[in-house]
Amino acid sequence: MATRRLGVGETLGALNAALGPGSTVWIKETRARHLRSRDFLAPHRALQARFDDGQVPEHLLHVLACLQGPGVAPVLRCAPTPAGLSLQLQRPAVFERVLSAVAAYATPASPALPGQRVLLHCPALRSSACALRLSQLRTVLVADHLARALRAHGVCVRLVPAVQDPHMLTFLQQLRVDWPAAPERASSHTLRSHALEELTSAHDGRTLSPGILGRLCLKELVEEQGRTAGYDPNLNNCLVTEDLLSVLAELQEALWHWPEDSHPGLAGAPDTGTDSCLVVHVVSCEEEFQQQKLDLLWRKLVDKAPLRQKHLICGPVKVTGAPGPLMTAPEYYKFRHAQVCKASALKHGGDLAQDPGWTEIFGVLSVATIKFEMLSTAPQSQLFLALADNISTKGTKSGTFVMYNCARLTTLFESYKCSTEQGLYPTFPPVSSLDFSLLHDEGEWLLLFNNILPFPDLLSQTAMLDCTAPGLHITAHTEMMCKFLVQLSMDFSSYYNRVHILGEPRPHRFGQMFVRLQLLRAVREVLHTGLAMLGIPPLSHI
């Protein structure tokens, strides 16, 4: 039996290749009503564009029915239907292949090339914690999630700036944002000398304010980059300050000297080549103009400035139901934390906020609520926060709903463990001895086909940065993980509410119980991996 991990992408690729050259025809089904009869469909209209009258030749139907290849799921049947060409997989065989190698489906489908480096720059972290705006908080959470996704993909990531404000560090720890700290700024002496040389001809003799070195014309550099690059046409002059040079010095230092644990062979090596590193500035739309100035100033003052600088612009954050006119990020955290405490008190009774055992749980639930709110919308789009909405485990779109189902999974396996210790159930048998044909509920196939099987592809997509596209701006898919985890939780909740996993301890039922537990082990592995990409630890109870 082939041992390579099955993949949705590999299966779709093989299906399209089997029909010969041409545009993509096959689609993966996701809706429960369609999955009752098929797993993949080649729509009739797409077939009409490829074949006369949409009729697929008989020999190609035979090829599809016998389709094999690396990562290709085994096919049960392929037949014409009114909707098009329908294909169903050998589901027991797919269950067996996937659930016999659970860990393999919690890793990215296509690891990064060796030595790939990304420097993530989040200017918002240079402000003080008490002044951090919600739009800036959004950039911090996007950068943190992107860094985790890239590292899971095998990319070497450097985070800038190193945070100096102790209050900001404390706030980031509350949010479970993993960001480096530094006691002092990088030296900007060399950059200052270069800047003064450039500024000499532009200085008109007027007295400059303290900290300001002069003005630098950027218009020529903007024109060199071309209109298609995406720089603001109003970028003419830049007021060069000591603070601005300190920022550039830190960026340059980070670019040239990578930490020892970042990647073998790269640590501390200044000659690894700035051209091989992608610099991504993660900024709010309000700060975009200033960041473009910094980008151009870097190019103008430093001979070996990175050629590949991209700007990930996060859209504005619009708030309704806020207690005040301008809510800061720490105020937002306190507001959501209070709502979490109140919701738990209503559910369990008493003032749990004073219970040390619940302190960690409330902190995690608050972080989950905030991160799912901030990251479930594509970063480039405008984000709407409805703060008046109550926190509840019943709503199916929130972080608390995901954490509630995470806790349900933990409780399930703890119950099985306790029952095993009491002698009610036998110990879990080897996976190779399980009968996966006992998994025939449609909810079980939904969990595997829509959630576990595609997860490696999702991990790769969340780390995808198209740095080859022309222009200044870049897009990221940081919303995909939150949406995936919500859908996974909905599918699991629906299945768990309907199917009794740990039944009465009767030997003739143990076989089905074990395969269901193995399926839910895979669900738990995927769920925990997805939460780790968001910096959210799993909970055992809520």
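Would you mind stating whether residue 15 is touching a Lys or Arg at 6+ places or on another chain (Cβ under 9 Å) and either closer than 19 Å to residue 91 by Cα or in a loop (DSSP other than H, G, I, E, B) (or both)?
No, not satisfied.
For the condition of a type outside the set (Lys, Arg), open to solvent by less than 40 Å² (accessible area, probe 1.4 Å) and either at pLDDT 95 or above or closer than 30 Å to residue 150 by Cα (or both), what is the one hit in 387, 446, 438?
Step by step, each of 387, 446, 438 is checked, and only 446 is of a type outside the set (Lys, Arg), open to solvent by less than 40 Å² (accessible area, probe 1.4 Å) and either at pLDDT 95 or above or closer than 30 Å to residue 150 by Cα (or both).
Does residue 448 count as touching a residue at least 12 places away in the same chain (Cβ under 8 Å) and not in a helix (DSSP H, G or I)?
Working: touching a residue at least 12 places away in the same chain (Cβ under 8 Å): yes; not in a helix (DSSP H, G or I): no.
So residue 448 does not fit the description; no.
Between 157, 142, which is open to solvent by less than 20 Å² (accessible area, probe 1.4 Å), of a type in the set (A, V, I, L, M, F, W, C) and touching a Ser or Thr at 6+ places or on another chain (Cβ under 6 Å)?
142
Which of the following residues is assigned by the TED database to the domain that holds residue 291, more than 20 Å from the chain's Cα centre (by Cα) and buried (at least 21 other Cβ atoms within 10 Å of the Cβ): 95, 171? Steps first, please.
On the way: 95 fails: assigned by the TED database to the domain that holds residue 291.
Exactly one of 95, 171 is assigned by the TED database to the domain that holds residue 291, more than 20 Å from the chain's Cα centre (by Cα) and buried (at least 21 other Cβ atoms within 10 Å of the Cβ), namely 171.
Taking the options 121, 34, name whichever one is under 32 Å from the mean Cα position of the chain (by Cα), at pLDDT 95 or above and surrounded by fewer than 19 Cβ atoms within 10 Å (Cβ to Cβ). Before the answer, list the steps.
On the way: 121 fails: surrounded by fewer than 19 Cβ atoms within 10 Å (Cβ to Cβ).
Exactly one of 121, 34 is under 32 Å from the mean Cα position of the chain (by Cα), at pLDDT 95 or above and surrounded by fewer than 19 Cβ atoms within 10 Å (Cβ to Cβ), namely 34.
Quick one: in the range 72-90, of everything that is without any contact (Cβ under 8 Å) to a residue 24 or more places away in the chain and open to solvent by 40 Å² or more (accessible area, probe 1.4 Å), which residue is nearest to the chain's Cα centre (by Cα)?
90
When the residues of the range 236-271 are filtered to those that are more than 24 Å from residue 220 (Cα to Cα) and in contact with a helix residue (DSSP H, G or I) (Cβ under 8 Å, 6 or more places away or on another chain), which remaining residue is modelled with the lowest pLDDT?
Looking at the filtered set, the residue picked out is 270.
With respect to the numbered conditions (1) open to solvent by 50 Å² or more (accessible area, probe 1.4 Å); (2) under 30 Å from residue 72 (Cα atoms); (3) in contact with a helix residue (DSSP H, G or I) (Cβ under 6 Å, 6 or more places away or on another chain), which one is the sole condition not fulfilled by residue 116?
Failing condition for residue 116: (3).
Note down all Cβ pairs under 6 Å where the first residue falls in the range 318-343 and is touching a residue at least 60 places away in the same chain (Cβ under 8 Å), the second is open to solvent by 80 Å² or more (accessible area, probe 1.4 Å), and they're at least six residues apart or on different chains.
318/384
Which condition does residue 529 not pass, out of (1) open to solvent by 10 Å² or more (accessible area, probe 1.4 Å); (2) more than 30 Å from residue 173 (Cβ to Cβ); (3) of a type in the set (Val, Ile, Thr), if it passes all the others?
It is condition (2) that residue 529 fails.
Do we find that residue 197 is surrounded by fewer than 20 Cβ atoms within 10 Å (Cβ to Cβ), in a helix (DSSP H, G or I), modelled with pLDDT of 65 or more and in the same structural domain as residue 137 (by the TED database) in this structure?
no
The values are calculated or read from the model by the stated rules, or taken from the named source; none is laboratory data. Because the structure is a prediction, the values reported are computed rather than measured. Virtual Cβ from ideal backbone geometry, glycine too; neighbours counted across all protein chains shown. Surface areas here come from the heavy atoms of the whole protein model, side chains and all, with no ligands, DNA or RNA. Shrake-Rupley method; radii C 1.70, N 1.55, O 1.52, S 1.80 Å.
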